[in-house]
Amino acid sequence: MGKATAASPAAFCATSFKMVKLALLVGVCGGVPIGKDNKEILLGDVIISKGVMQYDLGRQFSDGFRRKIDVQHSLGRPNARISSLLAKLETQIHERKLQEQITHYLTQLPDPVFYPGAHEDKLFPADYQHKHHRLQDCTTCAACIEPTDPICRQALVQTCTQISCDDTHLVQRFRTNERYRPSIHIGLIASGDSVIKSGRHRDAISSDTGAIGFEMEGAEVWDTIPCVFIKGVCDYADSHKNKLWQAYAAATAAACAKAFAQQW
């Protein structure tokens, strides 16, 4: 994890292999629940980068953080050939073809990756805090009323089941999570050195920048070598995130990378 950690091997590759036309950065990311054109993003879906911005670049003032999102501080655009392919994949016919290829590769895995199930795709409102909800369990969490109030350290590492997050607060989703049919989303990915575990901050950054995913490796890779990020959505970048979906999201990203390479 970390921008600098990924930047060094990317720079070495660019120096050693000067004819590389495309590099793929494949892995997992946090997703924004509602993407472009109000299209829902579910766990296991795949986000393909059309652009990358560094969400933790800016100035910290006493009243808050000011992010640099102007043209001068934005990362470069993909080259013409990559942009052309991404534009093609945004059309319905090619998006559907890519989807079919991903489904094929997922069903052909020799050792099926554990699929958590649609019932484990849980999205809580951005202001519903991940804390002990039984008042008798923790005095710190019981006193947590405002979004900026402290939450006990134990709650931060426990699951929603352990701290009794109430499923009646879950956000209704209109799409259904299907094991072999993750959706493809092409858009802006936000990259930085900090893990986003706050629905409020996730939505604020997305509103400011238009980002639909959050990851921690690519900001300094993007301008080093011609590349595309392909990331499986393993959480919603909120306080309820856990590692249950990571293996499956990694598999959907890998299947998409294989299909993307064929399209290239």
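Summary table below
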quantity	calculated
Nearest-0.05 FRET efficiency for Leu170 and Asp208, computed from C-beta distance (R0 30 Å)	0.70
Surface accessible to a 1.4 Å probe, per residue, for the residues of the chain, Å²	53
Region 105-264, accessible surface, carbon-and-sulfur percent (1.4 angstrom probe)	51
Cross-link table Lys197/Lys243; Lys36/Lys122; Lys3/Lys36, entries beyond 22 Å C-alpha to C-alpha	Lys3/Lys36
P(r) of region 198-259 over all Cα-Cα pairs, binned every 10 Å from zero, in whole percent	20, 42, 35, 3
Three-way shape call for region 181-225 based on the alpha-carbon gyration tensor, with the a/c threshold at 1.5	oblate
For region 140-264, alpha-carbon Rg and Dmax in angstrom	17.0, 55
Rounded tilt (10° steps) of 92-107 against the dominant C-alpha axis of the chain	70
Tilt relative to the chain, helix 3-16 - C-alpha long axis, 0 to 90 degrees, to 10	10
Segment Ile145-Thr161, length gained on full extension (0.36 nm per residue, minus Cα span)	3.7 nm
Stretchable slack from Gln246 to Gln136, in nm (0.36 nm times residue separation minus alpha-carbon distance)	36.3 nm
Label point distance in nm, Lys258-Ser194, each placed 7 Å from Cα along Cα→Cβ	3.8
Other-chain or far-sequence residues with amide H under 5 Å of Cys227's (modelled H)	Ala23
Degrees, to the nearest 10: 199-209 long Cα axis against longest axis of the chain	40
Region 124-183 shape via C-alpha gyration tensor axes, a/c threshold 1.5	prolate
Kirkwood hydrodynamic radius over Cα pairs of the chain, then Stokes diffusion coefficient at 37 °C and 0.692 mPa s, in µm²/s	169
Fraction of antiparallel bridges per DSSP, the chain only, in percent to nearest 5	35
Loop trypsin sites (Lys or Arg not before Pro), region 126-205, which have at most 11 other Cβ atoms in a 10 Å radius of their Cβ (DSSP)	Arg134
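The values are calculated or read from the model by the stated rules, or taken from the named source; none is laboratory data. Just so you know, these numbers come straight off a predicted model, no measurement behind them. Here Cβ is always computed from backbone atoms with ideal geometry, including for glycine, and neighbour counts include all displayed protein chains. Heavy atoms of the whole protein, side chains included, go into the accessibility calculation; ligands, DNA and RNA do not. Shrake-Rupley method; radii C 1.70, N 1.55, O 1.52, S 1.80 Å.
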